[in-house]
Amino acid sequence: MTSPPLSEPLGNRKPGFSGTIIGFTSDHENIESAAVEQLREMGFAEGLQVSILHQNPFGKDPIAVRVGAMTIALRRREAKLVQVTQA
Amino acid sequence: MNEQIAVNSQVTPIVAVVGNPNCGKSALFNALTGLRQKVANYPGATVERRSGRIVSAGNLTMIDLPGAYSLNARSADEEVTHQVVTGTHDVEAKPDVILSVVDATNLAQHLRFVLELRELGIPMVVALNMTDLAARERISIDVAALSAQIGVPVIETVAVRKKGLAELTLALSNATLAPAPSNVDFGQTVKQRQKAARKIASATIISEGIGHRTTRRIDQVLLNPVIGPGTLFGLLFLMFQAVFSWAETPMELIEDGIGSLQIFLATTLSDGLFLSFLNDGILAGVGAVVVFLPQILILFLFILVLESTGYMARAAFIMDRLMASVGLNGRAFIPLLSSFACAVPGIMAARSIANERDRLTTILIAPLMTCSARLPVYTVIIAAFIPNQTVGGGVGLQGLVMFVLYLAGILSALLVAAVLKRTVAKGEADTFLLELPKYQNPNIRFVLTGLYERARIFLRRAGTIILVSTIILWVLAVYPAAPIGATEPAISYSLVGMIGSALEVVFAPIGFNWEISVALVPGMAAREVAIAALGTVYSLSGSEAMIEAGLVSVLNNAWSLPTALSFLAWFIFAPQCLSTIAVTRRETGGWKWPAFMVAYLFVLAYGASFVTFRVATWLLG
């Protein structure tokens, strides 16, 4: 057993951050919450590169992130469900 | 319309067009069916049911379903997609074939949805769309391998250039006789399908490509903390300035045309009721509205171009913070911006908002966005009362006042939203999750088609609602005739004069004379009719010289400045047109909310006009 890599929520990072998605925070261990499912449907997935491109000029929230080939805008509250590690 | 669907379904196979937002689904649908439809780049553009037919091969009925990321419906329009493809929709029959549209530049992501649709057990064809953009980004896909992996025909297409359409039509036609996709299990959860999709994508993508580099570079500028909001507000400001300055020449031409026609009729026809009907009724009324066609087209030009380039989603991103402060989310910005053109499509676009309370709030404040029908009202009053001069470095004062009026509408919408979210539409705020699509050159053909449609709708309104209300008003304004030895203009003795005098009692406290009061009534049919009505009323009560000078100078002589300002304030809020009330009833499923909307807007309008009139009188007095 190797210890899991150190992770932190994407929602806590600043523009310029770039890393890899290692998982999602869910309410229950085996059943994913609706919010996480929606994130997956939008294109978030384990192993994908993610970087924060922009944040809202008026309050740093929402942020615009690059995931795979897409750019997605989301609020930090949802971004905190995405666990990332420094690349 | 529904009957037609039922008839079609019996004869021709139904093809449902399904795909993620921004995959070029609507463009492909248009290219296949030749049906005119607005193409927009933001999620939720397709909120209405669109159907069309392919007659060339096999006679197919095509249905364009709202864009969705999955069959887990989260909003009213995604619900439609879910119901139709699962055969649980009220009127729509279960489709015979599914055309799943996929963006070739984003295969891994879009494939997950294809795998989900596969499970439905309906014959399927995949259109690998935007292959031109994929080629430009140096992405190369092994189509044969992809088709083999998912067990479904895959056709390469470029919807906007009409490439691959013949092959696609043939594949669809063959698919009506084909069995459902084979029973391969690609997983049952989002996570499992996501994994399977990525595996297939990496096995069939020969070259990964360079990504949407151009888009990211443009976003560096347009989403820059300083330049971003500056550009957005600059664009909005430019839009309103352009509405004034670009339209000036064509408007003068139309005005001169109508004027010469009136003079021509006056010199050729003998004086009498018929001449009055043509000149004071139809030409003065309808003409007063038709003259605004150039302005409305310029406004729509901006909105259509912003939509089709993909900028609209960026605007939503920038606006989200502001919208969040009143309990809404940035997604509401898109229907609200459409409402600047017309509240009806705006209210319908609110279907893409998942949260019911947010959707209701958006619908209720949509009429506060200054729609293009109010433009004629603002323009006439501004032209009559605001001097045409520049202030502070070449900014036109008239355009500035227009901007302030639009701003007043926006700010009151935000205030009303904040109040509604704390009272009748109380609840937790919806989240904001929006794909920022890649930038694309505006599709000129679609922008022109959109403009043509707006012009057609506007002129049809001028030819029907406005013409009819103008005629009715003219009749009421001419009968009964003035008694012999009358001292006032004949119209004062007519039915219009009587109605106006009665209403004046209500509206006198806000500075409205009887002519304005009476013009507000037909203004309910469509807002711009108020101007048509003023045209008719003043044309009948004025002298020849006044008529020739046009409505602008007539109003300038007849109204005081406080009255004009009060009139402008009135139109920031009210009245609703009948179509807005009707669509609100349809979208909220009852009379409760449209009644609430009319009531609150009327109260706000009266209050704002009252304050404006009193303050202006006091300041100028």
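Taking one quarter of the surface of the C-alpha convex hull of the protein assembly as shown gives a mean projected area of 34.9 nm². Straightening the chain between B:Glu248 and B:Tyr452 buys 71.4 nm, computed as 0.36 nm per residue apart minus the Cα-Cα spacing.
Taking the Cα centre of the protein assembly as shown as the origin, how large is its charge dipole in debye, to the nearest 20, when only Lys and Arg (+1) and Asp and Glu (-1) carry charge on their Cβ atoms?
In debye, rounded to 20, the protein assembly as shown gives about 1620.
I want the antiparallel fraction of DSSP beta bridges within chain B, as a percent rounded to 5. Working shown, then result.
Numbers: 10 of 28 bridges.
Antiparallel bridges make up about 35 percent of those DSSP assigns within chain B.
On the principal axes of its alpha-carbon atoms, chain B has extents of 93, 52, 44 Å, going from largest to smallest. Mean sequence separation of contacting Cα pairs (under 8 Å, at least six apart), scaled by the length of the stretch B:2-211, corresponds to a relative contact order of 22 percent. Once both labels are positioned 7 Å from their Cα atoms along Cα-to-Cβ, the gap between B:Ala166 and B:Ala180 label points is 3.4 nm. Check cross-link reach from B:Lys421 to the aspartates and glutamates: straight Cα distance under 19 Å, and skip same-chain residues fewer than eight apart. Correct list for B:Lys421: B:Asp320, B:Glu356, B:Asp358, B:Asp430, B:Glu587. Each other residue within a Cβ distance under 15 Å of B:Ala180 adds +1 if Lys or Arg and -1 if Asp or Glu, for a net charge of -2. Given axes a ≥ b ≥ c from the Cα gyration tensor, I'd like to know whether the stretch B:273-409 is rounded (a/c under 1.5), prolate (a/b larger than b/c) or oblate. Prolate, since a/c reaches 1.5 and a/b exceeds b/c. Go through B:Gly450, B:Val101, B:Ala159 and say which Cα lies farthest out towards the positive end of the charge dipole of the protein assembly as shown; charges sit on Cβ, +1 for Lys and Arg, -1 for Asp and Glu. Farthest along the dipole direction, towards plus: B:Val101.
Can you give the net charge of the other residues whose Cβ lies under 11 Å from the Cβ of B:Val160, counting K and R as +1 and D and E as -1? Before the final figure, lay out each step's value.
On the way: positive: B:Arg161, B:Lys162, B:Lys163, B:Arg445; negative: B:Asp132.
Residues near B:Val160 contribute +3 overall.
Listed peptides A:70-83, B:490-503, B:588-601 appear in the order A:70-83, B:490-503, B:588-601 once ranked by packing, highest mean of other Cβ atoms within 10 Å at the front. Set the Förster distance to 51 Å, then compute FRET efficiency between B:Ala203 and B:Val404 from the Cβ-Cβ distance, nearest 0.05. After rounding to 0.05, the efficiency reads 0.30.
Only bridges whose two residues both fall in the protein assembly as shown count here: according to DSSP, what percent of them are antiparallel, nearest 5? If you can, show how the numbers build up before the last one.
Working: 34 of 52 bridges.
Antiparallel: roughly 65 percent of the beta bridges in the protein assembly as shown.
Each of B:Phe274 and B:Leu397 was given a label point 7 Å from its Cα along the Cα-to-Cβ line. The distance between the two points is 4.7 nm. Straight-line cross-link partners of B:Lys163 among the lysines, defined as a Cα under 27 Å from its Cα and at least 8 positions apart when in the same chain: B:Lys25, B:Lys38, B:Lys438. Relative contact order for the stretch B:93-245: 27 percent, from Cα pairs under 8 Å spaced at least 6 residues apart, divided by residue count. Along the positive direction of the dipole of the protein assembly as shown (beta-carbon charges: Lys, Arg +1; Asp, Glu -1; about the Cα centre), which of B:Ser352, B:Val286, A:Leu53 reaches farthest? Toward the positive end, the furthest listed residue is A:Leu53. In whole percent, what relative contact order does chain B give with Cα contacts below 8 Å and a gap of six or more residues? Reported relative contact order: 12 percent. The DSSP beta bridges internal to the stretch B:2-211 are antiparallel in roughly 30% of cases. Name the residue from B:Gln295, B:Ala68, B:Leu601 whose Cα lies farthest towards the positive end of the charge dipole of the protein assembly as shown, charges +1 on Cβ of Lys and Arg and -1 on Cβ of Asp and Glu. The Cα lying farthest towards the positive end belongs to B:Ala68. Counting every C-alpha pair in chain A, the share spaced more than 23 angstrom apart comes to 17%.
Using a cut-off of 24 Å between Cα atoms, the listed pairs B:Lys426/B:Lys592; A:Lys80/B:Lys195; A:Lys14/B:Lys191; A:Lys80/B:Lys191; B:Lys94/B:Lys191 include A:Lys14/B:Lys191; B:Lys94/B:Lys191 as exceeding that distance. The long axis of helix B:578-588 is offset from the longest Cα principal axis of chain B by roughly 40 degrees. A Cβ-based charge dipole, computed about the Cα centre of chain B with Lys and Arg at +1 and Asp and Glu at -1, lands at about 1820 debye.
Within a Cβ distance under 12 Å of B:Tyr378, other residues only, what is the Lys/Arg minus Asp/Glu net charge?
Charge balance near B:Tyr378 sits at +1.
Each reported figure results from applying straightforward, stated rules to the coordinates on display, with no laboratory input. Treat the numbers as computed from the prediction; the structure is a model and nothing was measured. Ideal geometry is used to build each Cβ from the backbone, glycine not excepted, and the neighbour counts take in all protein chains shown.
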